[in-house]
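Working notes for the structure below.
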Amino acid sequence: MCVDSVAGALAAQEAGAHRVELCSALGTGGLTPSAGLVEEVLAAIALPVHVLVRPREGDFVHDAHEVAVMARDVGLAVRLGAHGVVVGALTPDGDVDLDTCGRLVDAAAGRPVTFHRAFDLARDPLDALDAVLALGADRLLTSGQEATALAGAPLIAALVRAAGDRLTVMAGGGVTAGNVARIVAATGVREIHFSGRDRVASAARYRNERVALSGPAGDYERRTTSRAVIEAVLAAAR
């Protein structure tokens, strides 16, 4: 389960998830969570917590300062007690950035490393898989370089076959209760990744509707992790 709050982590645990990927700003695809959020989630749940390290939204081509920030954030997550980290970086030509990612793997100090969906923007998926394997990553998250894991199922299946037992290929991207069984059957994956989000109304009783600090959606509705959505996906997957 990909979550961005303590409440979301608790919902994931209560629904029967097996692991949490912790981030902030899920609406942008996820960014590095704060140290405070990492500490609170680790204290609140018994599930393994893997921390996403991504310094900004947008592409995965990072300058020297961003790489330094990511290396520090990986080290901090490990020191705080994270069970693993989720990272990724590409070169301007669309290849896995081995230098940057190698630095991040080193900073993880032996904790499990997942290469995230930067993979889905790579130029050649099989070359990228070889690079991820060379880094020693434990897991690859991918939608099969398509908008959803269902659309990318043929490539995901090929990656599962190519990786064998050297790396876990995890399907993610548009996973729902309505399609998860087809994704699992078509790809052979043993792990799935989704956020299980639903819309909830704000608890605020006083409202100033003239201002929208959170963008067009306004400030009085938000998306959060839903235990019911998670349970439905897990049931369909089983």
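Readers should treat all values here as calculations from the given coordinates under stated rules, not as data from a laboratory. What you see is a predicted model; the values in this text were computed from it and never measured. Please note: Cβ atoms are built from the backbone with ideal geometry, for glycine as well, and neighbour counts cover all protein chains shown.
Quick check: net charge around R56, other residues with Cβ under 13 Å of its Cβ, Lys/Arg +1 and Asp/Glu -1? Display every interim value, and only then the final one.
Working: positive: R54; negative: E57, D59, D63, E66, D73.
So the environment of R56 carries a net charge of -4.
Hydropathy first: keep DSSP H helices in the chain averaging at least -0.5 on Kyte-Doolittle, then drop any whose Cα extent along the axis falls short of 20 Å, and list what survives.
Details: long enough: 64-80 (24 Å, 0.82).
Qualifying helices: 64-80.
Counting other beta carbons within 10 Å of each Cβ, put F194, F115 in order, fewest first.
Details: F194 22, F115 28.
Lowest to highest Cβ neighbour count: F194, F115.
Which residues among region 36-67 fall inside the zone where the amide N is under 17 Å from a point 7 Å beyond the Cα of R123, along Cα→Cβ?
60-62
What does the charge dipole of region 2-203 about its Cα centre add up to, to the nearest 20 debye, if the Cβ of each Lys and Arg holds +1 and the Cβ of each Asp and Glu holds -1?
On the way: 16 positive and 24 negative charges, 112 e Å.
Taking the Cα centre of region 2-203 as origin, the dipole is about 540 debye.
At 222 nm, what value in deg cm²/dmol follows for the chain if DSSP H runs of at least 4 each add -39500 (n - 2.57) and the sum is divided by all its residues, to the nearest 500?
Details: 8 runs with 88 residues, N = 238.
Result for the chain: -11000 deg cm²/dmol, rounded to the nearest 500.
Could you please rank L31, L140, placing first whichever residue has the fewest other Cβ atoms within 10 Å of its Cβ? Don't jump to the answer; show the numbers that get you there.
Details: L31 18, L140 24.
If I rank by nearby Cβ atoms, fewest first, I get L31, L140.
Restrict the search to region 114-207; then list the trypsin sites (Lys or Arg not before Pro) that DSSP places in a loop and that have at most 10 other Cβ atoms within 10 Å of their Cβ. Can you show the working numbers first?
Details: sites: R117, R123, R139, R161, R166, R182, R190, R197, R199, R205, R207; in loops: R123, R166, R190, R205, R207.
Answer by residue number: R205.
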